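**Student:** Got a structure here, written out as structure tokens. Questions coming.
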Amino acid sequence: MDPAKLILDGKEYELPIVVGSEKEVGIDISKLRGTTGAITADSGYGNTGSCLSTITFINGEKGILRYRGYPIEEIAKSASFTEVIHLLVYGHLPNKQELEELTNQLKSHRELPKGMKSFFDAFPTTAHPMAVFSSMISALSTFYPAAKDEEEVNLNVIRLLAKQAALAAYAYKHSVGQPYVDPRSDLTYTQDFLHMMYAEPPKAYEVPEVLDEALNLLLILHADHEQNCSTSTVRMVGSSQANLYASMSAGVGALWGPLHGGANQAVIEMLEMIRKDDMNFKKYTDMAKDKSSGFRLMGFGHRVYKNFDPRATILKEVAAKVLEGLGIEDPLLEIAKNLEKIATEDEYFLQRGLYPNVDFYSGIIYRAMGIPTDMFTVMFALGRMAGWISQWKEMRADPKGRIYRPRQVYMGETQRPFVPVDKR
Ligand code: SDX
């Protein structure tokens with residue numbers, strides 16, 4: 001494709017083009033300031049490609065999501081979360097031997113470092129689990145000295161992916177005042193997490209298959225999503241050569257916001273509000289259209305998907321299946337379906353391409369699994385950890401990689417003399 005032409009202040013410049021494997025076109029502005037003296041302005045980065053990546057492809061118009069070329073619908077139907085970890089972090093679907101190796105590596109690193117359990121006791125039981133989860137991820141770095149080489153980095157990757165389940169489960173156990181349950185290597189990754197969450201020794205806890213399958217699917221659907229807010233944060237922090245734990249802890253912080261991963265908690269709170277408010281759907285859709293209300297339909301809208309989020313389509317089906325499998329009637333599912341129907345027949349939402357996103361139905365499933373609402377975003381993070389790590393590794397492996405340091409256009413005061421305090 002011919003270079004792009006830019007005419008600035010009467011002068012013409014050529015800008016090289018980069019074309020992706022899915023025919024996406026990027027204008028390479030890496031030399032823009034050096035050749036023209038100008039920079040771009042793109043608040044929120046809606047039109048800016050921060051990197052070239054081979055991990056996840058999204059087509060927002062067509063509702064396409066693929067991890068390393070495999071459609072999310074096919075992965076969701078047939079893969080285990082451990083296979084998806086291998087696909088994202090190591091770049092290919094594992095063969096039987098590789099899968100067994102990764103499974104055993106993760107199993108052998110599930111235990112937390114000695115003494116770390118007592119850290120949880122120091123938090124108030126009312127602490128938000130995202131605060132505990134991000135703190136404890138960073139705290140893991142105090143037990144493992146900075147990695148000297150790639151081998152140690154990869155060992156830290158295994159440690160974090162393996163131990164994150166206990167970190168999440170112990171945050172929950174502390175919040176409900178129950179003793180911590182040690183990981184068990186005779187259980188799969190998902191079974192072991194659910195066992196650590198719900199076992200109350202000496203009572204045994206048999207993990208129901210319907211919950212195990214639902215968790216496996218939820219972790220896979222949340223595993224990666226190209227350059228979203230938290231993944232860009234992980235890349236940004238990692239670009240300063242901060243260690244794995246510091247980078248992932250920062251990702252948890254970014255994900256916590258209600259505009260991002262925190263939306264799954266906000267959706268349930270919104271559905272409960274509608275339920276308590278006599279199912280007054282119109283009041284809430286009207287508020288969502290009134291910018292001055294500050295209210296948004298949580299779980300609706302997406303920066304990239306403008307017709308549908310393929311993950312929401314899958315989760316809507318799974319929500320009904322899990323509730324049926326557990327024999328649970330959750331009125332919030334009907335309220336959610338109703339809200340989706342009303343909103344997706346309303347011009348305001350249609351015009352802006354606002355449809356349910358991944359967070360709209362996921363909370364219904366977490367609720368059915370007995371996960372408390374304030375743990376929903378931790379559940380999101382457990383899946384996304386695989387994606388964050390794969391993106392972090394890709395950023396670090398870039399031979400042309402540099403510290404992320406965007407520019408700005410200054411709009412403040414021009415130079416003026418300092419005024420001493422008695423003259424202000
Ligand atoms: C996730 O990026 C990712 O990939 C994220 C994610 C991932 O897997 O990592 O998919 C996970 O974060 C999903 C999104 C979860 N967040 C929510 O559900 C919160 C509610 N949604 C929004 O706040 C919003 O839709 C965002 C944050 C998701 C997207 O914001 P954008 O792209 O900045 O869109 P915008 O704010 O510019 O909105 C465009 C228009 C505006 O109206 P106009 O100014 O054009 O008149 O749509 C309106 C907005 O007011 N709008 C909404 C709305 N979302 C956008 N109006 C009402 N309710 C909403 N939810």
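**Student:** Once Rh for the stretch 71-161 is found with the Kirkwood sum over Cα pairs, what is the Stokes-Einstein diffusion coefficient at 20 °C and 1.002 mPa s, in µm²/s? Walk me through the numbers before you get to the answer.
**Tutor:** On the way: Rh = 15.4 Å.
Stokes-Einstein gives a translational diffusion coefficient of 139 µm²/s.
**Student:** Under the 0.36 nm per residue contour assumption, what length would be gained going from the current alpha-carbon distance of residue 415 and residue 101 to full extension?
**Tutor:** Details: separation 314, 0.36 × 314 = 113.04 nm, distance 6.24 nm.
So the chain would gain 106.8 nm between residue 415 and residue 101.
**Student:** Then there is this: So if R0 is 51 Å, what FRET efficiency would residue 147 and residue 324 give, r being the distance between their Cβ atoms, rounded to the nearest 0.05?
**Tutor:** On the way: r = 47 Å, r/R0 = 0.91.
Computed FRET efficiency for residue 147 and residue 324: 0.65.
**Student:** What accessible area per residue, rounded to a whole number of Å², is obtained for the chain using a probe radius of 1.4 Å?
**Tutor:** Numbers: 21970 Å² over 424 residues.
It amounts to 52 Å² per residue over the chain.
**Student:** Sticking with this one: Please compute the net charge surrounding residue 3, taking Lys and Arg as +1 and Asp and Glu as -1 over other residues with Cβ under 14 Å from its Cβ. Please report the intermediate quantities before stating the final value.
**Tutor:** Numbers: positive: 5, 31; negative: 2, 12, 14, 28.
Here the charged neighbours net out to -2.
**Student:** Let me ask another. Under Stokes-Einstein, with the Kirkwood radius over Cα pairs standing in for Rh, what whole-number D in µm²/s applies to the chain at 37 °C and 0.692 mPa s? Write down the numbers at each step before the final one.
**Tutor:** Details: Rh = 23.4 Å.
Rounded to a whole number, D works out at 140 µm²/s.
**Student:** Moving on to the next point. How charged is the neighbourhood of residue 335? Take every other residue with its Cβ under 12 Å from the Cβ of residue 335, and add Lys/Arg as +1 and Asp/Glu as -1. It would help to have the intermediate numbers written out before the result.
**Tutor:** Working: positive: 275, 276, 337, 341; negative: 272, 277, 278, 330, 334, 340.
Combined, the nearby Lys, Arg, Asp and Glu give -2.
**Student:** Hey, another quick one. Name the most mobile residue of 66, 235, 303, meaning the one with the largest mean-square fluctuation, in a Gaussian network model of the chain with Cα contacts below 10 Å.
**Tutor:** Maximum among the listed residues: 303.
**Student:** Mind checking which of 122, 319, 250 has the largest fluctuation in a GNM of the chain, springs on alpha carbons under 10 Å?
**Tutor:** 122
**Student:** Ok, one more. How far is the Cα center of the stretch 259-332 from the Cα center of the stretch 11-52, in Å?
**Tutor:** 36 Å
**Student:** Sorted by mean Cβ packing within 10 Å, highest first, what order do the peptides 53-62, 257-266, 219-228 take?
**Tutor:** On the way: 53-62: 16.7, 257-266: 20.9, 219-228: 24.2.
The densest-packed peptide leads the list: 219-228, 257-266, 53-62.
**Student:** Could you list the residues of the stretch 35-76 with an amide nitrogen less than 19 Å from a label point located 7 Å from the Cα of residue 344 in the Cα-to-C-beta direction?
**Tutor:** Output list for this probe position: 59-65, 72-74.
**Student:** Can you give the calculated 222 nm mean residue ellipticity of the chain, where each DSSP H run of n ≥ 4 adds -39,500 (n - 2.57) and the sum is split over every residue, rounded to the nearest 500 deg cm²/dmol? Spell out each step's value before the answer.
**Tutor:** Numbers: 18 runs with 215 residues, N = 424.
Result for the chain, helices only: -15500 deg cm²/dmol.
**Student:** Once a ≥ b ≥ c are taken as the square roots of the eigenvalues of the Cα gyration tensor of the stretch 71-256, is the result rounded (a/c under 1.5), prolate (a/b larger than b/c) or oblate (a/b not larger than b/c)? Don't jump to the answer; show the numbers that get you there.
**Tutor:** Details: a/c = 1.44, a/b = 1.06, b/c = 1.36.
The shape class here is rounded.
**Student:** At what distance in nm do the modelled label points of residue 73 and residue 108 sit from each other, each positioned 7 Å from its Cα along Cα→Cβ?
**Tutor:** Taking the simple label geometry, residue 73 and residue 108 are separated by 4.1 nm.
**Student:** Let me ask something else about it. Please give the solvent-accessible surface of residue 143 in Å², to the nearest 10, using a probe radius of 1.4 Å with every protein chain present.
**Tutor:** 70 Å²
**Student:** Can you tell me how the stretch 263-368 classifies by the Cα gyration tensor, rounded, prolate or oblate, using a/c under 1.5 as the rounded cut? Intermediate values should be presented prior to the final figure.
**Tutor:** Details: a/c = 2.01, a/b = 1.32, b/c = 1.52.
Cα axes put the stretch 263-368 in the oblate bin.
**Student:** Let me ask something else. In nm, what is the difference between 0.36 nm times the number of residues separating residue 213 and residue 286 and their Cα-Cα distance?
**Tutor:** On the way: separation 73, 0.36 × 73 = 26.28 nm, distance 3.77 nm.
That pair, residue 213 and residue 286, stretches by 22.5 nm at full extension.
**Student:** Checking the a/c ratio against 1.5 first, then a/b against b/c, what shape does the Cα gyration tensor give for the stretch 4-64? Please list the in-between numbers first.
**Tutor:** Working: a/c = 2.41, a/b = 2.04, b/c = 1.18.
Note, shape of the stretch 4-64 comes out prolate.
**Student:** Between their Cα atoms, which of 31/400; 107/321; 77/393 are more than 18 Å away from each other?
**Tutor:** As for pairs spanning more than 18 Å Cα to Cα, those are 107/321; 77/393.
The values are calculated or read from the model by the stated rules, or taken from the named source; none is laboratory data. Predicted model only: the values in this text are computed from it and were never measured. Cβ sites come from the backbone with ideal geometry, for glycine too, and all protein chains shown count toward neighbours. The accessibility values were calculated without ligands, DNA or RNA, using every heavy atom of the protein model including side chains. Shrake-Rupley method; radii C 1.70, N 1.55, O 1.52, S 1.80 Å.
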